[in-house]
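One structure is given here, and the rest of the page talks about it.
Read-outs: derived from the displayed coordinates by stated rules, not from any lab. Keep in mind that what you see is a predicted model, and the values were worked out from it rather than measured. Using ideal geometry, Cβ is built from the backbone for each residue, glycine included, and neighbour counts are taken over all protein chains shown.
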Amino acid sequence: MLREGYESYRRYVNPLITLRAELLGEPTRITGVQDGRLVEARGHVEDFHGTQTFGHRHPAITAAVTEFLASDSPNWFPCRVNPYAGLLAKRLCERSGAYDNVFFANSGSGAVEAAMKLARAATKKPRIISLDGAYHGTTMGSCALMKPGMFKDPFGPHVPEAGPIPFDDVDALAAAFREGGVAAVVLEPIQLEGGVRAVSPAFLAAACELTEKHGALLVADEIQTGLGRTGRFLASETWPRRPDALILGKHLGGGLVPISGMLTRSELFDRAYGEHYASAEAHNTTFGGSALCCVAALAALDLLTDDVIARVGRIGEVFRAKLASTLARHELFARVKGAGLLVGIELVPSDHPWLSFEHFGIDALHDQPTIGVLTCHRLYKRGFYCFACGHDWRILRVLPRFTIEESTLDSFVTAIDEELEYLCNLT
């Protein structure tokens, strides 16, 4: 079935994705999962994408889903009164300590849309501000918040009065509020696709102050930074004030099912949707927060203990330090960034003509550096599934599972050290 399915994907879904993966040597012929890692013909593969916080198919999460499927409980409640969603919402609100209302969607993009609509409905203002370099999703609203480029340009015209200001620019933020009409400021505590770059304390202070002063919502997109990834349950815990809305996704479903959530305060929900019964469903999604997804999320939260999060912070700090000290000898290495097990490895683009996209016959990408892609290509052969940042291909984004052994992280340091030495010798 898998063999036939791979070929059917090439023909019926997206042939360019298949071609790219094969040309780069990505592990495309996965045959199974063992101990949280992927299995293919070359051996085991450590997945650094970040969706599988506890590894692929963690036994506890798999067991919770299996037990639910073996029960006679409905998965979908047509009245929308879903007890499983209620239990998950309660758990998230108690764990966050700052919210008492949750909207569930099927993807991060859906949760971003929910926050944008909440902001406009609650404030009766139109403008949604984001930061240049952000990645908030692929739906029309979330797409409008992103920087110009391949994730945005083909889909215009975009949602009006929604879009980015320069990254970390306090003056630009203040100017936007002077112009008026701001409903929300949407921030990632650390931009992943923008190059693993953190918003500065000065900008956070200004964003917290200006949104509160002008009655706008401060929205934290923690789809990639939340749920323990940075060594804290939420990266926004340290902000001068807690965001008015918090967006969670990615590994909320334990790596098995798609689910996301937007957490906010009931006062804001009532202001936006509390006029009457019909308005309470003005924004909804059919399968958001289905019972199966909530069961998986509850099992994932059971695993996400304070001790696990503390370990993420501890081994992440050691890992980043080892990377920085080991790779410092290479002329193609710039620096290591990040927090916890959210790691960015910034590389220096090579100007060698044989390592350009033009040399590889892809003239349309002539302005893109190849260094991140080439390093990933080398690491695939070593059993590490890495990715370059979507907006900055100089930088590798490395998001290991929380249960990863420290010896495996040491093996990765050795592997990237040797592969960068190989690429340096080529240039």
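Assorted remarks:
- Cα gyration tensor, segment 1-148 - rounded (a/c under 1.5), prolate or oblate: oblate
- Rel. contact order, % - alpha carbon contacts under 8 angstrom, at least six apart, the chain: 20
- The number of Lys pairs in the chain with C-alpha atoms less than 16 Å apart, excluding pairs fewer than 8 positions apart on the same chain, is 4.
- Stretching I165 away from D270 to a fully extended chain increases their span by 34.8 nm, per 0.36 nm per residue minus the current alpha-carbon distance.
- Each Cα pair under 8 Å and six or more residues apart adds its sequence gap; the mean of these over the residue count of segment 59-303 is a relative contact order of 28 percent.
- Its relative contact order, with pairs defined as Cα atoms under 8 Å and 6+ residues apart, puts segment 4-73 at 17 percent.
- Most mobile listed residue (L173, L234, L19) in the chain, GNM with C-alpha springs under 10 Å: L19
- Taking Y385, Y273, Y12 in turn, the Gaussian network model of the chain (Cα-Cα springs below 10 Å) assigns the largest fluctuation to Y12.
- At least 18 Å along the helix axis (C-alpha) and Kyte average at least 0.0, DSSP helices within the chain: 108-123, 201-214, 291-303, 306-327, 406-426
- Here the Gaussian network model covers the chain, with springs between Cα atoms less than 10 Å apart; of W239, W354, W393, W354 fluctuates the most.
- Net charge dipole size for the chain [Lys, Arg +1 and Asp, Glu -1 on Cβ; Debye, nearest 20]: 440
- Projecting label points 7 angstrom from Cα along Cα→Cβ for T66 and R42 puts them 3.1 nm apart.
- Net charge in the neighbourhood of P148 (other residues with Cβ under 15 Å of its Cβ; Lys, Arg +1, Asp, Glu -1) is -3.
- Relative to the Cα centre, the charge distribution of segment 59-303, modelled as +1 at Lys and Arg Cβ and -1 at Asp and Glu Cβ, gives a dipole magnitude of about 120 debye.
- Prolate/oblate/rounded label for segment 191-327 (Cα gyration tensor, a/c 1.5): oblate
- The order of I17, I416, I247, going from fewest to most other C-beta atoms within 10 Å of their C-beta, is I17, I416, I247.
- Fraction of beta bridges assigned by DSSP in the chain that are antiparallel (%, nearest 5): 65
- Prolate/oblate/rounded call for segment 59-303, Cα gyration tensor, a/c under 1.5 rounded: prolate
- Label-to-label distance, I17 versus W76, with points set 7 angstrom from Cα along the beta-carbon direction: 2.3 nm.
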